[in-house]
Structures are given as C-alpha cells and as structure tokens.
1. Counting only residues that are within 22 Å of residue 43 (Cα to Cα), surrounded by 15 or more Cβ atoms within 10 Å (Cβ to Cβ) and more than 31 Å from the chain's Cα centre (by Cα), how many does segment 186-224 have?
2. Listed residues 270, 242; which is within 32 Å of the chain's Cα centre (by Cα) and without any contact (Cβ under 8 Å) to a residue 60 or more places away in the chain?
3. In segment 624-643, what residues are outside any strand (DSSP E or B) and out of contact with any helix residue (DSSP H, G or I) (no Cβ under 8 Å at 6 or more places or on another chain)?
4. Name the residues in segment 148-174 that are assigned to a helix (DSSP H, G or I) and either out of contact with any helix residue (DSSP H, G or I) (no Cβ under 6 Å at 6 or more places or on another chain) or without any contact (Cβ under 8 Å) to a residue 40 or more places away in the chain (or both), would you?
5. Residues of segment 225-240 being farther than 19 Å from residue 110 by Cβ and crowded, with 16+ Cβ neighbours inside 10 Å, which ones?
6. Being in contact with a helix residue (DSSP H, G or I) (Cβ under 7 Å, 6 or more places away or on another chain) and more than 28 Å from residue 364 (Cβ to Cβ), is that true of even one residue in segment 385-392?
7. I'd like the full set of residues that are closer than 19 Å to residue 79 by Cβ and either without any contact (Cβ under 8 Å) to a residue 40 or more places away in the chain or surrounded by fewer than 22 Cβ atoms within 10 Å (Cβ to Cβ) (or both), limited to segment 749-763.
8. Output the residue which, of all residues in segment 348-360 that are touching a strand residue (DSSP E or B) at 6+ places or on another chain (Cβ under 8 Å) and crowded, with 19+ Cβ neighbours inside 10 Å, is nearest to residue 37 (Cα to Cα).
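The values are calculated or read from the model by the stated rules, or taken from the named source; none is laboratory data. Model, not experiment: these values are computed from the prediction. Heads up, the Cβs are rebuilt from the backbone with ideal geometry, glycines too, and the neighbour counts pull from every protein chain shown.
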C-alpha cells in the first residue's frame, strides 16, 4: 500500500514534460489548402458557453471546406466542471480546459476566443446564470470579439428560445449571442471599444439546430438550411468527421474521446436573424467572400486561382515567385481588415513553401525580469529560392539589432547563440485572467486589448528580418524552452517570465480543532540565483505566529528551502486567510505567489504564478477512528483534507483491495466518479461489500448514471437509481430528514449552521429512488423545484455502514468549509 504524500510536487526545474509546441512544418497538401483559403474573404463565429460545447464538425467544415476564417467564442474556460484526468479543479481546471480548446482549434483549423465569464458550476436557468455573471460585461466581451473578428455569419450552439431546458450557461450564451448580433454594429453600444475597433454588423445569425430531444414547436422549418459536413478531404487524407473527432478528443479532462466516422453528416442551421437570402446548404449564400469584396482585389483572386491550379506538390517553392507578385498587389491595396489578415496568411504560406524554419530556443522554462538569458537562433532555408537573413531583434530584452546579412544556402542552417538581458520591467507571463483577484462569475481583466484572447502573449519574441528575392519580410517567432527527452525526443514548451521567488504553503487549507500551536511549513523556491531576504507568515487578527520572520538565503536557481512556523488559533471559532510572504533584500514589495505546473501529454506544459494564500479556520470538530483507505476516482483533494484534520490516509489500488486485508481501515472513501472511470470496479466492488458486511464503513462520492463500469444495481448493497438531479444554488436550504441518525450526531452535532458558506453548489447527480433500507439524511432543492431527498443515503449492511453521497465535498473541503469538514468526519466515523 502507498502512503499518500501530504504535498504533491508541482514543479521541478528538471522538466520531463512530453507536451510539445514544435514549430509548424506544413506539408504540400496543407500549403495547397492554404492557397485555396487565401482566395476566401469570409468569416464565421461559433458561440457557446464552455469548452466541449462547440460542434467541432461544423467548425472543421467551415474552416476546411468552406475555407472561411472560423472562430469559437467560449464564454467560459470550463472552470466549474469536473476533471477526469487530475485533481485540479476551479481555475486550475480552467487552465487545462483552455489549452484543450486551443489544441482542438489547432486540430480543426479554427481560432479560439473567451469572455471574462467564469464557470461557477451548473445552473438551471439563464436568469440564475445572469445573477452571477455580470451580463453587461459578458455582452461587451461578445461585442468586442464580433467587432475584432468581423464575422459574416454567427452560429449559436444553443437555442435562445428555450430557457430551462438545458444548462443555464448554455441558454445564456445564446441570449448573449442574439443581443451582441444587434449591438456590434451600433456605434452607441460600448463606445469605449471604438478606440481599437470599428462597429461591425454580421449578416446572419443561426442556431445549429439539433433534434435529438425532439423537434421544438418553435423551430421554423422554412428557415432551416442543411449542410453536409461529411466531406472527404483527399489532400489531408481524412474526412471532416475524422478531423472533428480528433479535435473533440482533445477534451480529455471531460472524457470526450471520439472516434472518426465517414460518410454523409447533415448539420441543420435555422436562421434566427439577418437577411433571408439563403440557398440550400450554403450559409454564406449571397455574401461575397471573394476578393471582389475589396475594391481592386479582383485580380488578386484570379492570380491566386492560377497559383492553386499550377501548384507543384513536389516543389512548393516553385510557387513563391507568383506568391511574391500577389504580395506586392496586396500591399498596394488600401489598409483594411482583410488586407492585414490575408497578408499575414500569405507570408506564412511563402515561408512554408520555402521550407523556411525559424526558431528561437532557450534551455530554461522560467526566466525573471532583469536576468540574463541565452537564446539560440536557427534559420534554415530548405529550397532553391534566394533567401537572406538580414537581421533579427528580440522583443522583451535589452539588445541592439543583430545585423546578420547572411545568405541562407539551401539546407545549411544559420545558428547563433546570444546572451541577452531581459527588460527589468517585464511583467509576469502568468495567464492574464488570473493575475488580478476575481469574483464569483467574472474574471478581472482591465486591459481592453487583451480581453478575449486564449492565453497570455509570449513574453519574448524574436523578429526575423528576411529578404526573399528582394522583398523584406518580418517573421515573429516566440522564444521557447526546448529540450530532448530521453524517451519522447524533441520537446518544446512555453518560456515563462515569473517572479524571482515563490512561496508555497504545505496545505491547501488549515483547520484547527484546538487552540494549541501547530506547525505550518512554507516552501520558498528561487527562480533566480543569489537571493537574500526574509520569509514570514501573515495571519488574520487574533491568530499568533512564531517566529515573526526568518532569514532566507538561496544561492542557486531552482533551490528550495522549507521554513516552519508555529500557528496558534484564537479560543473561539474563527475563519480567515493566511499568506506566506517573502521580502528580498533592498526591495520594498514582497512576494506572495506560488508556482503551479500542469503537465499533460496532450497540451503544452502550463506554468503559472498564483496567489499563495490559503483558508484557515478554528472550528469545533471531533474525529472518530483514525485510518482511512482512499480509492482514487476522477481526481479530488479529499485525502489531503482528511489528513489536515488528523486522519491517517492510505491510497489503495485494485491489488490492495482484492488481495489485501481491509479490516485495518476505520473507513474507506471512494473518489468522485470512480465507478465511471475505473474499469476494475467490477472486481473491486464485491470486496468492498464484503468489507462493509464485516463491519467496515464505505463512503462513495458522486457518480453519473451514464458510463458506469458496473451495473447500477451493484452500486450499493440495495437498489438505487442515479439521476441528473442536483442542487446548484450553494445557499439553498438544506433540510435535515433524520435528525436522530448517528451520522448527524457523532462525533459532531450537525445543524443548519453547518451548511453555511458552501461554495459553487450543494450537490450533483443525486439518486432519485432507492430501496427502503436506505435512510435519506438530507434534502435540498433549487428555488421552485421539488425536494431532492436522495443526496445522502446511509444503509446498514451486515455489521457495517454504506454511504452514498452526491453532496459536493470534493469542492467544499479544499475550500476549507467548516461544516463540510464536520459532516464528512461523521461519515467516515460511522463505524465508531
């Protein structure tokens, strides 16, 4: 059996990530498709609420078949969802799901945008959603994206006319889309944006109509067009359906792996607003998406068509002279949206046709403002066309322009390594929406120009000045951390600019049941060498800490030191926050940020510096029993939470359960959705039932009815039926159904006060029916709904106790909610 560590290591300077952001190396087929796309001056915007809401099939169709510029606006980053691949939730899950969306768009050819709204969890009606989202701010963000992207067509994933039939965020996204469609072209709406963009009125807005729930009465059959999105793309060797499946499979944290298909695939689009000049199967009918939409552009379109027809797949560089001629024609056009966009596309096609490889790398994943950094430059021309690297300069460092004036002979790389100084005032590159404190429902982003972006801009960017047949080009390439993994080979990840020092507490929350000093450890990590200063623990009023501060001396980059402080809570029950603070010698401001690392093999490594504070509480809490077994599910922080209040927690696996002795555990806790994600549950469950029968206590946290790995009839000792019932309002009344039951009285007396201060939701996927041998303990419901009595069921079985709970302890315990701790301590203490 494996002892669960109290603190997981989130970062090491010896990176072994298998994620990659290797520079694009387009094939001949992709370049040819790019030349086709150069001829299309049209755009579409798809809109929904969350990562994984988007119809990747329609996005892939619009981008790869219609060749229009296609983007997805997800109003949230999916922060309130569940995570099937890691214990990260809330903003850390949002980081993962953001990158999954960006990976999906790299797959299906789209572009990704977001609003400032955050996903606060499930809601049942858009009115509930808008009680938490700032509707005007979300609407402003949608208008901003429309004005920047200038879509001819908007497509909504959800029906704005059907509130209450799906997730409230879903319908809210459609309501926002409909209103933004009208306001984006109005110069009186959000006039502060007009400093950067112009009003833009899309031509049409559609609902991507689906009928698997039945045809709604309000659907206008005469306003529906049908698109066959099942097109096969021989240059890419796959169908749109197959591209879409690869795109959707990027949403691994939600468990949305998909298989590709072949053949006809009909998508329905119902016109909601805009001109009614549709042709069957063409959402862009009577919208000019050719070069003729720009004055003087007709000849450009004709020449691009000739280049497409004469393209040499064995030697793409043969098209470069003609592409350069097109570029001169584009430059002569008046400045405008399409000129800027298509010239940027054209420049990258020319680079791809030349096999021009431009890359800037560094050995470190983290650098600090004012520090020295060594950057390696590579420029390689893999064609017979004349190319010269004139010079280069790096944004974000102090340097004079590096004059090179070197002819790039075919297949002979230009290589240079240079040490540079990062600008002293360069800001942290941590995700921009997580830099400032935020509130429930909305992130804080003051800078109008960065709103909507998928991620923060790269802090260091190399501008390669290249001469191609007498024409000057500037190619911007981010500096990347590049290394070779012994197993995975070439690996690339973003370079991040971070604070010089990090401070991290050893727990995500601290709970005290007695007024005696308890150790709190702070890990201090250097992001640069030769640091001196002090570290201290800042506490709420009434809490005492010793020592007041301790000296810190870190000699090397990446060095870690641990410091222990004794924290004494006040006599009464109190809650607050504690903050680790590092002050460096000669600096007035201190550092209170921790470093987190998210490393999955399907997305780039994410490094971010986040607020290092943690909730602390003195509460009236007792525990019964000591040893807890924990079977991981989809990922939660319950083990650390139980350790925090004095339990000894041991992680167990299939072998421990099926061949080991479970009698030493006072209780066994099963992680969230274990019966959805663990294929071994059919073998594990009989041993669990035997453990309960012999006197053990088994606590099973929520699962979904869809995708169970065992029959639902075997989930407990007696029958129950899981449902989609949930209580989403965290302030909803919780009624006690069995006041005399031991689970509400031992070792802690549970009252209505224990349900104060809960976060995000009460619970989810409650059983809707159950055998009479279960005792329902609690009842709750959202406003206007019938009571949900099945959120916590307890049954005696043999000599032991079985507990099924849909209440969201996986959210409440990491947030330090005192009442949730008291109740969970009672659950695992039932056998005592």
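1. Residues meeting the conditions: 3.
2. Values: 270 fails: without any contact (Cβ under 8 Å) to a residue 60 or more places away in the chain.
Answer to the check: 242.
3. From segment 624-643, those outside any strand (DSSP E or B) are 624-626, 632-643; that's our starting set.
If the condition is that a residue be outside any strand (DSSP E or B) and out of contact with any helix residue (DSSP H, G or I) (no Cβ under 8 Å at 6 or more places or on another chain), then 626, 635, 639, 640, 643 are the ones that fit.
4. Initially, segment 148-174 is screened for residues assigned to a helix (DSSP H, G or I), giving 148-149, 168-174.
Result: 148, 149, 170, 173, 174.
5. Across segment 225-240, the qualifying residue is only 225.
6. Our first condition is that a residue be in contact with a helix residue (DSSP H, G or I) (Cβ under 7 Å, 6 or more places away or on another chain); within segment 385-392, this holds for 385.
Now restrict to residues that are more than 28 Å from residue 364 (Cβ to Cβ): 385.
There is at least one residue in segment 385-392 that is in contact with a helix residue (DSSP H, G or I) (Cβ under 7 Å, 6 or more places away or on another chain) and more than 28 Å from residue 364 (Cβ to Cβ).
7. Of segment 749-763, the ones closer than 19 Å to residue 79 by Cβ are 758-763.
Listed by number, the residues that qualify are 759, 760.
8. Restricting to residues being touching a strand residue (DSSP E or B) at 6+ places or on another chain (Cβ under 8 Å) and crowded, with 19+ Cβ neighbours inside 10 Å, the top hit is 350.
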